[in-house]
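The values are calculated or read from the model by the stated rules, or taken from the named source; none is laboratory data. Since we're looking at a predicted model, the values are computed, not measured. Backbone-built Cβ (ideal geometry, glycine too); neighbour counts: all protein chains shown. Ligands, DNA and RNA are excluded from the accessible area calculation, which covers all protein heavy atoms including side chains. Shrake-Rupley method; radii C 1.70, N 1.55, O 1.52, S 1.80 Å.
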Amino acid sequence: MSSIKSKLTEIFSQAFTECGYDGKLGVIVESQRPDLGQFQCNGALAAAKSAKKNPREIADSIIEKLEENEMLEELSIAGPGFINIIVKDDWIAKHLNAITDDPQLGCAKTLQPDTIAIDFGSPNVAKPMHVGHLRSAIIGDALQRLFSFLGHTVISDNHVGDWGTQMGMLICELKKREPKLPYFDPSFRGPYPDKPPLSLNDLEEMYPVASKRCNDDEQLMAEAVAVTDELQQGRNGYIALWKHFVNLSLKTLKQDYDSLGIRFDHWLGESFYADRMSKIVNRLREKGYAQESEGALIINVTEENDTKEIPPVMLVKSSGGFLYATSDIATIDYRIEKFKANKILYVVDKRQGLHFEQVFRAVRKTGIVKPDIVLEHIGFGTVNGPDGKPYKTREGGVMRLSDLIELVTQKAEERMEEAGIAQDLSKEENLDTARKVGIAALKFADLMNHRTSDYVFDLDRFSRFEGKTGPYLLYTAVRIKSILRKAEEEDVTGGEIISPTGPERTLMLLLSQLPDALYNTEEGYAPSYMCDFAYNLAQEFNRFYKECHILREKDKKRQGSWLELANLCLKEFELLLDLLGIQIPERM
Ligand code: ARG
C-alpha cells in the first residue's frame, strides 16, 4: 500500500508512456488550486516543450487515456495545460478502510532496506551539553525511529567526544589544584584509587575555568595539548584519571537522554577508536596516501573541479597527537566493517560542513569507503536567543539539560493552569502530564523548523496550547481519545468508512496522505514534513469535529463512519508523534 499521490503518479506515468512521452512526466503534486482539484499533474507542459506541441492538446490526450479509470472522478485542464484531478469519494473511503487495518497505516516498508549507522547526540564529555547537541539528539532520534519504521536496519551511535584537548585541560587544571594526587606521579606503580578524586559538580565547575585559562594563555594551552598527547599515547596516570572524568560525565548524560526518551544502540566515544586510529594512520602512511607536512601528517583532498579551497585533512599533529578527523576516519572504517553499514549519516551542526567534506573525501580517496556506500552530513541550523545569537542562559552560560527539562515542565504547568487543562487530575498525573507537555513543546518547536533553518528559542511561544505547537497537538490527540471513550460509554461503535457527503471530505483526503509526510521526511532527512502534516491533521480534525457531531448523529452508518475517521486520525497522531519522539498523555 502507498499514498494516493503515488498511486496517481503510477497511473499518470503509464498514460504518458502510452501516449509516447517520458513516463516521468506523470508526477503528481498537491493542487495549487484546491478549488479546482485535489491534485495536479504538470507533465503536459514539459512534454509539449520537447515535442514542440500544444500542451493543452497533450493534456487532452492524457485525459482521454484515463477516462475509464476507477480511481478518478474528474479531470480538467486549467491554464496553459495543467491537469486538475479529483479522486472518487468511494475510492478514498475504500482506501481508508484498508489503511485502518494496516499496522503500517498505508506507509509501506521499503523494498530496499539499508543498514544505516546514524551518528547523533555526540556531545563532548565533561563540557556541558548545549542546545546544539540537544537539536542533534532530537532530530537524530526522530530519524532513527522513522528509518526503523520504514524497514531499514538502524544502528545509532552516540559518538561522544572524550579524547580531545578538553581532557588535557582538565588534567592540567586538577594537577594545579591537587598536585599530590597519584595520577600525576610518574613513579607511581598503582593501582590507582577506584573512587574518583572529585565530584561531578567539581568537574562541571572546573571545565569553564580550565578552558578560559588555556584560551587566555598560550603557554597553558600548549601544556594541555601536550598532556592530551600523552594521554592518547597511554600514560597510565592520565588514563586512570581520564576514566574518572568520563564515567562521571557519562552518568549524567545517560540520565539526560533517558529523560528525553532518546536511546542509542552504542556509546562508542572517540577514545574507543584509539587503536584503530594508529593502525589506519600507519596504513595510510605506508600506502603513500598521507604525507608529512611541517612535521604533521596530512592527506591532500583537493579535487580538480573545486571552486573553493578545501584544506588537507590533518591526521597527526606535529606533536604526535591525533585529531577530530583522525577519529572520524577510524570510526567510518569500523562502522563499515562491524555494523556492515551501507549508509552512514551524521546529524551534526551545519557549521561542521567543511570537516565532513574533508573526511568524506579522504575516506573515498584512500579506498576506505567504496563508491556504493553513502556518507551524508545531515547539517542543522543554530538555536538562537532573542538577540539572534546562539542561545545562552541569562547568566551567559550554556543551559544544563536537566535544568532545561525542569524549565519546560514548569512552563507547561503554568500554561495548563491558565487554560484550565488537566486540573482535575491527581497531583502525580498532573505533573506527569506537564512533563510530557513540556517535552512535546521543546521537541516539536525544534522539529517543526526545517533542520537547515535557524530558529529562536522562545519557551513562551513553544508552550502555548494554540497555534503550531507540541501542546496543541497533544491537546487534540487527547481530545480524540476522550471522544472515543465517550462513544464507548454510550455504546456507539465505529463502522465502515463510507463516502463523504460534506465536511468530512477534506479530513478523509488528508488522512490518506500520511505516507507522503513520512516519505518526504525520509528523503530529505527532515522531520519538519511530519510536523507540518501532524499540525494540518490537528486543524482539520478540529474543523471536522465542529461540524460533524459524532455522538449526536442519528444516521447510524454515518455515525459509525465518522467515529472510525476519528479513530484513524488518532492512530495517525499516535504514529506521527511516536516517530517525533513525543508521548501523548492519556487524559488532560
Ligand atoms: N563531539 C562533536 C561536537 O560536539 C560532535 C561529533 C559529531 N560526530 C562525529 N562523528 N564527528 O562538536
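Which number in (1) within 15 Å of the ligand (Cβ to nearest atom); (2) surrounded by fewer than 18 Cβ atoms within 10 Å (Cβ to Cβ); (3) not hydrophobic (A, V, I, L, M, F, W, C) marks the one condition that Ser211 misses?
For Ser211, the failing item is (2).
So Val246 fits all but one of (1) surrounded by fewer than 16 Cβ atoms within 10 Å (Cβ to Cβ); (2) within 28 Å of Ile138 (Cα to Cα); what number is the exception?
(1)
Does Phe82 count as at negative phi and within 16 Å of the ligand (Cβ to nearest atom)? Steps first, answer last, please.
On the way: at negative phi: yes; within 16 Å of the ligand (Cβ to nearest atom): no.
Judged against the criteria, Phe82 is not a match.
When you scan segment 220-238, how many residues do you find that are in a helix (DSSP H, G or I), open to solvent by less than 40 Å² (accessible area, probe 1.4 Å) and closer than 20 Å to Pro191 by Cβ?
3
Pairs under 9 Å by beta carbon, first residue within 14 Å of Val131 (Cα to Cα) in segment 435-450, partner open to solvent by less than 10 Å² (accessible area, probe 1.4 Å) and of a type in the set (D, E, K, R), six or more apart or different chains?
Cβ pairs passing all conditions: Lys443/Asp141; Asp446/Arg135.
When you go through (1) out of contact with any Ser or Thr (no Cβ under 9 Å at 6 or more places or on another chain); (2) open to solvent by less than 10 Å² (accessible area, probe 1.4 Å); (3) not in a helix (DSSP H, G or I) one by one for Ala566, which number turns out not to apply?
The single condition Ala566 does not satisfy is (3).
Checking the structure you have, find out if any residue of segment 19-27 is over 33 Å from the mean Cα position of the chain (by Cα), on the phi < 0 side of the Ramachandran plot and touching a residue at least 60 places away in the same chain (Cβ under 8 Å).
There is no residue in segment 19-27 that is over 33 Å from the mean Cα position of the chain (by Cα), on the phi < 0 side of the Ramachandran plot and touching a residue at least 60 places away in the same chain (Cβ under 8 Å).
Scanning for something open to solvent by 10 Å² or more (accessible area, probe 1.4 Å) and closer than 30 Å to Ile373 by Cα, does segment 178-196 turn up at least one residue? Give the steps one after another, and end with the answer.
Our first condition is that a residue be open to solvent by 10 Å² or more (accessible area, probe 1.4 Å); within segment 178-196, this holds for 178-182, 184-196.
If we keep only those that are closer than 30 Å to Ile373 by Cα as well, we get none.
Checking segment 178-196: not a single residue is open to solvent by 10 Å² or more (accessible area, probe 1.4 Å) and closer than 30 Å to Ile373 by Cα.
Just one of (1) within 12 Å of the ligand (Cβ to nearest atom); (2) touching a His at 6+ places or on another chain (Cβ under 9 Å) trips up Gly106, so point out which.
Among (1) within 12 Å of the ligand (Cβ to nearest atom); (2) touching a His at 6+ places or on another chain (Cβ under 9 Å), Gly106 violates only (1).
When you go through (1) within 14 Å of the ligand (Cβ to nearest atom); (2) open to solvent by 30 Å² or more (accessible area, probe 1.4 Å); (3) of a type in the set (A, V, I, L, M, F, W, C) one by one for Met314, which number turns out not to apply?
(1)
To keep it simple, each residue is scored yes or no on (1) closer than 28 Å to Asp424 by Cα; (2) more than 23 Å from the chain's Cα centre (by Cα); (3) in contact (Cβ under 8 Å) with a residue 60 or more places away in the chain.
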residue: Phe541; (1), (2), (3): yes, yes, yes
residue: Tyr545; (1), (2), (3): yes, yes, yes
residue: Leu551; (1), (2), (3): yes, yes, yes
residue: Gly560; (1), (2), (3): no, yes, yes
residue: Glu572; (1), (2), (3): yes, no, yes
residue: Asp578; (1), (2), (3): yes, no, yes
residue: Gly581; (1), (2), (3): yes, no, yes
residue: Glu586; (1), (2), (3): yes, yes, yes
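Inspect segment 273-280 for any residue being away from the ligand (no atom under 16 Å from the Cβ), open to solvent by less than 60 Å² (accessible area, probe 1.4 Å), under 32 Å from the mean Cα position of the chain (by Cα) and of a type in the set (A, V, I, L, M) and give the result as yes or no.
Here is the first cut: in segment 273-280, the residues away from the ligand (no atom under 16 Å from the Cβ) are 275, 278-279.
Among the residues that remain, those that are also open to solvent by less than 60 Å² (accessible area, probe 1.4 Å) are: 278.
With the extra rule that they be under 32 Å from the mean Cα position of the chain (by Cα), the set shrinks to none.
No, segment 273-280 contains no residue that is away from the ligand (no atom under 16 Å from the Cβ), open to solvent by less than 60 Å² (accessible area, probe 1.4 Å), under 32 Å from the mean Cα position of the chain (by Cα) and of a type in the set (A, V, I, L, M).
Out of all the residues in segment 510-528, is one or more more than 30 Å from Lys350 (Cα to Cα) and in a helix (DSSP H, G or I)?
Keep residues of segment 510-528 that are more than 30 Å from Lys350 (Cα to Cα), which gives 510-513.
After this cut, where a residue has to be in a helix (DSSP H, G or I) as well, the list is 510-511.
Checked against the condition, which is being more than 30 Å from Lys350 (Cα to Cα) and in a helix (DSSP H, G or I), segment 510-528 yields at least one hit.
Among (1) over 30 Å from the mean Cα position of the chain (by Cα); (2) assigned to a strand (DSSP E or B), where does Tyr346 come up short?
The number of the failed condition is (1).
Checking Thr366 against (1) in contact with a strand residue (DSSP E or B) (Cβ under 9 Å, 6 or more places away or on another chain); (2) open to solvent by less than 20 Å² (accessible area, probe 1.4 Å); (3) within 16 Å of the ligand (Cβ to nearest atom): exactly one of these is not met. Which one?
Evaluating Thr366 over (1) in contact with a strand residue (DSSP E or B) (Cβ under 9 Å, 6 or more places away or on another chain); (2) open to solvent by less than 20 Å² (accessible area, probe 1.4 Å); (3) within 16 Å of the ligand (Cβ to nearest atom) leaves (3) as the failure.
Considering segment 197-208 alone, what residues qualify as being surrounded by 15 or more Cβ atoms within 10 Å (Cβ to Cβ) and assigned to a loop (DSSP other than H, G, I, E, B)?
Residues satisfying the conditions are Pro197, Leu198.
For segment 243-263, name all the residues that are among the hydrophobic types (A, V, I, L, M, F, W, C) and farther than 21 Å from Leu577 by Cβ. Explain how you work it out, then say what you get.
Just the residues of segment 243-263 that are among the hydrophobic types (A, V, I, L, M, F, W, C), to begin with: 245-246, 248, 250, 253, 260, 262.
Matches in segment 243-263: Phe245, Val246, Leu248, Leu250, Leu253.
Could you list, ordered by first residue, the pairs with Cβ atoms under 8 Å in which the first is in segment 126-149 and more than 22 Å from Gln112 (Cα to Cα) and the second is within 11 Å of the ligand (Cβ to nearest atom) and aromatic (Phe, Trp, Tyr), at least 6 apart or interchain?
Once the first residue is more than 22 Å from Gln112 (Cα to Cα) and sits in segment 126-149, its partners that are within 11 Å of the ligand (Cβ to nearest atom) and aromatic (Phe, Trp, Tyr) give Ser136/Phe120; Ala137/Phe120; Ile139/Phe120.
Considering only segment 116-165, how many residues are of a type in the set (Gly, Ala, Ser), within 10 Å of the chain's Cα centre (by Cα) and either open to solvent by 10 Å² or more (accessible area, probe 1.4 Å) or away from the ligand (no atom under 12 Å from the Cβ) (or both)?
Residues of segment 116-165 of a type in the set (Gly, Ala, Ser): 117, 121-122, 126, 132, 136-137, 140, 142, 148, 151, 156, 161, 164.
So of that shortlist, the ones also within 10 Å of the chain's Cα centre (by Cα) come out as 136-137, 140, 142.
Filter once more, so that each one left must be either open to solvent by 10 Å² or more (accessible area, probe 1.4 Å) or away from the ligand (no atom under 12 Å from the Cβ) (or both): 142.
Of the residues in that region, 1 qualify.
So, in segment 441-483, of the ones that are surrounded by fewer than 20 Cβ atoms within 10 Å (Cβ to Cβ) and of a type in the set (Ser, Thr, Tyr), which residue ends up nearest to the chain's Cα centre (by Cα)?
Thr452
In segment 326-358, which residues are within 10 Å of the ligand (Cβ to nearest atom), of a type in the set (D, E, K, R), touching a helix residue (DSSP H, G or I) at 6+ places or on another chain (Cβ under 7 Å) and without any contact (Cβ under 8 Å) to a residue 60 or more places away in the chain?
Asp328
Determine if segment 292-306 includes at least one residue that is open to solvent by 30 Å² or more (accessible area, probe 1.4 Å), more than 16 Å from the ligand (Cβ to nearest atom), out of contact with any Gly (no Cβ under 7 Å at 6 or more places or on another chain) and touching a residue at least 60 places away in the same chain (Cβ under 8 Å).
Checked against the condition, which is being open to solvent by 30 Å² or more (accessible area, probe 1.4 Å), more than 16 Å from the ligand (Cβ to nearest atom), out of contact with any Gly (no Cβ under 7 Å at 6 or more places or on another chain) and touching a residue at least 60 places away in the same chain (Cβ under 8 Å), segment 292-306 yields no hits at all.
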